[in-house]
Protein chains: 4
Amino acid sequence: MQSRATTPRTGRPRSAAADAAILQATRAALVELGWSKLTLGDVATRAGVAKTTLYRRWAGKNELVVDAVAVLFDELELPDRGSLAADIEGVVLQFAALLNRPETATALMAVVAESTRDEPLRERIRTSIVDRQKRLVVEGRARATARGELPPESDPEVAARTADLIFDVVAGAVVHRTLVSAEPADEEWVRAFTQVLLLGLTGTPPTP
Amino acid sequence: MQSRATTPRTGRPRSAAADAAILQATRAALVELGWSKLTLGDVATRAGVAKTTLYRRWAGKNELVVDAVAVLFDELELPDRGSLAADIEGVVLQFAALLNRPETATALMAVVAESTRDEPLRERIRTSIVDRQKRLVVEGRARATARGELPPESDPEVAARTADLIFDVVAGAVVHRTLVSAEPADEEWVRAFTQVLLLGLTGTPPTP
Amino acid sequence: MQSRATTPRTGRPRSAAADAAILQATRAALVELGWSKLTLGDVATRAGVAKTTLYRRWAGKNELVVDAVAVLFDELELPDRGSLAADIEGVVLQFAALLNRPETATALMAVVAESTRDEPLRERIRTSIVDRQKRLVVEGRARATARGELPPESDPEVAARTADLIFDVVAGAVVHRTLVSAEPADEEWVRAFTQVLLLGLTGTPPTP
Amino acid sequence: MQSRATTPRTGRPRSAAADAAILQATRAALVELGWSKLTLGDVATRAGVAKTTLYRRWAGKNELVVDAVAVLFDELELPDRGSLAADIEGVVLQFAALLNRPETATALMAVVAESTRDEPLRERIRTSIVDRQKRLVVEGRARATARGELPPESDPEVAARTADLIFDVVAGAVVHRTLVSAEPADEEWVRAFTQVLLLGLTGTPPTP
DNA sequence: TGTTAACCGAGACGGTACGTCCAGTCTTTCT
DNA sequence: AGAAAGACTGGACGTACCGTCTCGGTTAACA
């Protein structure tokens, strides 16, 4: 979040409680107001903190919101449901549920929009949110390989490229369905999507 | 754009040139400044128009930008390239090129973000942009059916659902690749993506 | 106050009522809070006016206060009391009373302090306040000359220099007595001061 | 660093050098920035001292500036120039020169302005600056009496009142001339002023 | 062919939020 | 216990836009 390299040894240390309170207040404000009506002054007030304290730690609204929202994405898990199809369905449903929370979808899209003009912000999004979730793809793939559902991939570069592709397809489809088409990513849709995806990856339809 | 039902029978009619100038100026401002730094006062100045004139025609920044950007999406075409795989690759590349234009990506994401809190805006996006592009899916499907690449679908509801799914997968994947992963949707990626998609839809890999 | 030369012919004209309300509110705030605790935001609120309106008309606190206070100095008069001594005593007492009003003394000194670093402000003070009051000296002198109490002065430059000197002595003494020495400029003090001044100017003590 | 022999047995003693450095830095900042742009943080930095140290010794900006400026006024002297007129001219010129120094005029006026709302500050100004300079009047008067230029005054209360009046007239006139009228108190003006003052006090014009 | 109503430009209006700066206090470590 | 460093709360600053509201001045359809 902040640089740990520069170790200021003197002076009053920054309040760790303030950080937590600010991120908490940011999420609360996102829920109530949405991205565009969220103001840093209001966040500061909610957190019981002066505006300057907030600006000392984050460069602006975008950076703050990325940090506030990032932690929510770490909740995603990949419980072993016995088959690749079931695993995919499970994680996609979790992801859809996450995007339906009022603080995530609007914030994520807005920040992504800003990031098209702001390279450091894009980098922050990538490291704080995106790359962290690729673990789900890698893990699911490993599990399916162990089960014999997928052939092992020896070339690591091909494996990485495939993982990226899967990630973009899965995350993109869910986001688009939820936000742009504005239709629910419910169980029925998830099942249909999983079937297409699995068939596309393995050439064989999932066995129910 | 505006209601034509109420027919003002007297008085000076609105300048048609102003509309075009404003939309043009909006796109120019988007290119230069991006969504978040675009101001309506600036757009008005660029268009050589009073702010009042602008507000008389659009409710706000979001609505204006949707209209300004919508027309760009109508440029997408589906030239007959002889096979379903080639058709898909062609349109996906067009879409990727469109998202790489500086005025589209940032504007689209920002407006989508706003729309999560603004039902009329969501509706406007859907009618002005999203639904208009589903024609590409429907047309491509019909062409592939005629070629015998896809079996005919008798149930119109199933057809619609499948079209929606394809649309979300295609559009979502390209958007996510371009904006979130921030990697180019180049020919190599498009070929890999098309292969997965086609296999997922037909159970058979595309024949080169 | 503002330039009358540039006559903007288009656009909504500035509200004349706003000007009056702002100056009125400024004086009220000076009475309650004094110079240093007066804030432009508070003045705007009191005047029922937006902060921007205030900044559109005045460059800052200093300029506003000069304008707000200047009008008070125009209340000074020189009633004919029959003799030069009585006239001087009368106007000095008025001046002392004016400086005892809570909105004047603190504001005037603060603005003068600022003006030592701000030439345009100094000019504004001079034209809005100082020079306007020299009329009292000139008028009193003319009246005394007509009465035969003072010899006529033919050289206008000498007359001007003498008027300036008298003005500095009178205004300076009263201000210093009131603000720096912080003693009241009461009738007794004024009488003693007038006696010294008159003797200094004419060589003859005032006749009671 | 070694403690000196006189070091108290407990606690670190206050640095005497810090006091001098702070006052020095205050004067330097006044010269560069003027009263209104002088900040205590900046003074502390210039003095190589922590803000805490500064606040431990002075209550605020006003008190600090009074102390920083007071010492300059002690430079005023009353060298014996042989006649009352010459003595007055000498001290008035000194005073005018002092007020022309950039750190004095602005600071003095600002502090006086504040003092109209701050009784302790007024008291501090009086004891630190004003009353200390009345010695000049008293001394000059005694010298003139010894020379026979002024009659001896037996009643001490009358003497005090007269001294106060002279002080207000002299200081006030010079200050007003310099700061408000913003004209130089040069030799010509001082001579004219002295002539009026002396005639006012003695009934006889000064003998050149 | 003149009315006339809706349009147009310009720009001031009341607001809201911004991001910065400074005052004055507090907390930490070092001397 | 005092000092340096620097984070803290709180509040005003002056700016930028927002979306609305007068103004004076067109302009095209109707009478």
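Readers should treat all values here as calculations from the given coordinates under stated rules, not as data from a laboratory. Given the structure is predicted, the values throughout are model-derived calculations rather than measurements. Every residue, glycine among them, receives a Cβ derived from its backbone with ideal geometry; neighbour counts consider all protein chains shown.
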- Message: Treating the point 7 Å from Cα along Cα-beta-carbon as the label, what are the nm separations from A:ASP74 to the other copies, to one decimal?
- Response: 4.9, 6.3, 6.9
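Relative to the compact globular guide of 2.2 N^0.38 Å, what is the alpha carbon radius of gyration of segment B:16-57, as a ratio? Each step should come with its number before you reach the end.
Working: Rg = 9.4 Å, N = 42, 2.2 N^0.38 = 9.1 Å.
After normalising by residue count via 2.2 N^0.38 Å, the value is 1.03.
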- Note on the structure: Computed over chain D, the relative contact order (Cα-Cα under 8 Å, seq sep at least six) in percent reads 20
- What angle do you read, to the nearest 10 degrees and between 0 and 90, between the alpha-carbon axis of helix D:105-115 and the longest principal axis of chain D? 80
- For chain A, the longest stretch holding no trypsin sites (Lys or Arg not before Pro) located in a DSSP loop with at most 10 other Cβ atoms within 10 Å is which? A:10-208
- Task: Work out from phi, with θ = phi - 60° and the Karplus expression 6.51 cos²θ - 1.76 cosθ + 1.60, the ³J(HN,Hα) of each residue of segment D:191-205, listed in order in whole Hz, and give x for Gly and Pro.
- Result: 5, 4, 5, 4, 4, 4, 4, 5, 4, x, 8, 10, x, 10, x
- Query: Which three extents, in whole angstrom, do the alpha-carbon atoms of segment C:163-208 cover along their principal axes, largest first?
  - Reply: 30, 25, 10
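Other chains' Cβ within 10 Å of C:97-108 residues: what's the mean? Intermediate values should be presented prior to the final figure.
Details: counts 0, 0, 1, 0, 0, 2, 0, 1, 5, 7, 2, 4.
Whole-number average of other-chain Cβ neighbours for C:97-108 is 2.
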- Note on the structure: Here the correct list, in nm and shortest first, of distances from A:GLN133 to the same site in the other copies, label points 7 Å along Cα→Cβ, is 1.9, 7.2, 7.3
- Task: Provide the descending list of Cα extents for chain A along its principal axes, expressed in whole angstroms.
- Result: 61, 39, 31
- Task: Quick one: compute a quarter of the convex hull surface over the Cα atoms of the protein assembly as shown and quote it in nm².
- Result: 55.3
- Query: By how many degrees, between 0 and 90 and to the nearest 10, does the Cα long axis of helix A:156-175 differ from the longest principal axis of chain A?
  - Reply: 70
- Query: What are the distances, in nm and sorted shortest first, from the label point of C:ARG147 to the label points of the same position in each other copy, with each label point placed 7 Å from Cα along the Cα-to-Cβ direction?
  - Reply: 3.4, 11.4, 11.4
- So for R0 = 56 Å, FRET eff. of A:ALA159-D:ASN100 from the Cβ-Cβ r, to 0.05, ends up at 0.10
- Run through all the Cα pairs of segment D:105-162 and give the fraction in each 5 Å bin from 0, expressed as whole percent. 4, 16, 18, 18, 12, 12, 10, 8, 1
- Query: Using alpha carbons only, how many degrees (0 to 90, rounded to 10) separate the axis of helix D:131-147 from the longest principal axis of chain D?
  - Reply: 30
- Task: Enter the Cα centre distance for the pair segment C:56-112 and segment D:63-101, rounded to the nearest angstrom.
- Result: 29
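Within 10 Å of each Cβ in peptide B:199-206, how many partner chain Cβ atoms are there on average? Round it to a whole number, please. Mind dumping the intermediate values first?
Values: counts 6, 13, 3, 2, 5, 2, 2, 0.
Mean shielding by partner chains, rounded to a whole number: 4.
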- Residue by residue, what Karplus-based ³J(HN,Hα) values in Hz, rounded to whole numbers, does segment A:78-88 have, using 6.51, -1.76 and 1.60 with θ = phi - 60° and x for Gly and Pro? 10, x, 6, 9, x, 9, 4, 4, 5, 4, 5
- Helix-only CD estimate at 222 nm, as mean residue ellipticity for chain D, using -39500 (n - 2.57) per DSSP H run (n ≥ 4): -20500 deg cm²/dmol
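Which whole-number percent gives the relative contact order of segment D:16-57, counting Cα pairs below 8 Å spaced six or more residues apart? Mind dumping the intermediate values first?
Details: 27 pairs, mean separation 18.2, N = 42.
Reported relative contact order: 43 percent.
Once you mark the GluC sites (Glu not before Pro) that are in a DSSP loop and have at most 13 other Cβ atoms within 10 Å, what is the longest gap between them in chain B? Please list the in-between numbers first.
Values: sites that count: B:GLU75, B:GLU77.
That would be B:78-208.
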